[in-house]
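The values are calculated or read from the model by the stated rules, or taken from the named source; none is laboratory data. In this text the structure is predicted, and so the values were computed from the model without any measurement. Heads up, the Cβs are rebuilt from the backbone with ideal geometry, glycines too, and the neighbour counts pull from every protein chain shown.
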Amino acid sequence: MDQADKLREKVELLKDNAPSARVIAVTSGKGGVGKTSLSVNLALQFKALGKSVVILDADFGLANVEVMLGIRPQYNLADLIFNNKTIEEIITEGPMGIGFISGGSGVQDLVNLDKERIKKLIAKLVKLDSMYDVVIIDTGAGIADSVVEFVLSSPEVLLVVTPEPTSITDAYSLLKAVNRKKDFRKEQKSIKVVTNRVENMEDGKEIYDKISIVVSKFLNIQLEYIGYIPQDKKIADAVIAQTPISLSAPNSETAVRIRGICGALLDVPVEEEGKKGIAKVLLDFIKSKKNNR
């Protein structure tokens, strides 16, 4: 039994009756496909439907969430790990009361923590599970180790794909990299596809069908289609204004479609045993990183 296994066992014994947040990782095979925009707007839509939400910006070094919101956080995940900050201190409040945590270099540093630091980190992160209903992890893009490990560790994954051929092939490459990992349990994983920047519903479904057929045939992974987001100039305007489209144009087709994706996610029943919580997700992330070095 390795270090992460022992820690997980200890945390589970202590926290069996503790509430667990629903953890959703939003990812993509390449950058520039609207992954962070979806993460932020989903958080706002969850909040509008009465759910408390926090975003973990796990694309370390790029700070996409804070740029999109136009808010600079005072602290990040590294301050929680190394500078003795509390979980409350590293959460920055965004619009409508959503929270977000800047990953900084902290995500990259997780794998190098010693036993005592991991123990202290998990003890702090467990509080997130009682503070929030939903934790959205905005991963990096591509097939970098940290992206693959977050997809491995998160029970629910939203894969963002655009009509560009490179987006489709890179999404396949990401799933192929995940499928190669010995820790991957496809029967325990829910991977849902969002098609972004499409002309209409038919185009969105056609893109999903292309990737789903190939992934099913060659990787034996079953994907689900959860919705599309149209090509919309208002998205670019919202990014420039650093105001998410759910706030700047709440009645736009894009905002309505994201609201629909949020509603579809809420309609999917999540059993308590499927709600790992963010502390367990990050424990699994650490273990997977160590095992796959």
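Summary of values
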| read-out | value |
| --- | --- |
| Helices (runs of 4 or more DSSP H) fully within region 32-88 counting 2 or more residues that are over 14 Å from the mean Cα position of the chain (by Cα), under 21 Å from Y228 (Cα atoms) and not charged (D, E, K, R) | 35-48 |
| Restricting region 233-253 to residues that are in contact (Cβ under 8 Å) with a residue 60 or more places away in the chain and among the β-branched types (V, I, T), the residue that is farthest from L158 (Cα to Cα) | T243 |
| Long-range neighbours under 9 Å by Cβ, at least six apart or interchain, first residue within 10 Å of D183 (Cα to Cα) and at pLDDT 80 or above within region 281-293, second assigned to a helix (DSSP H, G or I) and acidic (D, E) | D284/E149 |
| Residue list for region 89-127, restricted to those being closer than 25 Å to R22 by Cβ, part of a loop (DSSP other than H, G, I, E, B) and either acidic (D, E) or modelled with pLDDT under 90 (or both) | G103, G104 |
| Matching strands (runs of 3 or more DSSP E) fully within region 150-232 where at least 1 residues are under 29 Å from I278 (Cα atoms) and without any contact (Cβ under 8 Å) to a residue 60 or more places away in the chain | 190-198, 224-230 |
| Subset of region 139-149 (residues that are in a loop (DSSP other than H, G, I, E, B) and under 25 Å from D203 (Cβ atoms)) | G142 |
| Subset of region 236-252 (residues that are in contact with a helix residue (DSSP H, G or I) (Cβ under 9 Å, 6 or more places away or on another chain), at pLDDT 90 or above and either more than 14 Å from K47 (Cα to Cα) or assigned to a loop (DSSP other than H, G, I, E, B) (or both)) | D237, A238, A241, Q242, T243, P244, I245, S248, A249, P250, S252 |
| I136 being surrounded by 17 or more Cβ atoms within 10 Å (Cβ to Cβ), outside any strand (DSSP E or B) and hydrophobic (A, V, I, L, M, F, W, C) | no |
| Residues of region 27-44 classified as polar (S, T, N, Q) and surrounded by fewer than 24 Cβ atoms within 10 Å (Cβ to Cβ), total | 0 |
| Residues that are surrounded by 15 or more Cβ atoms within 10 Å (Cβ to Cβ) and among the basic types (K, R), drawn from region 56-85 | K85 |
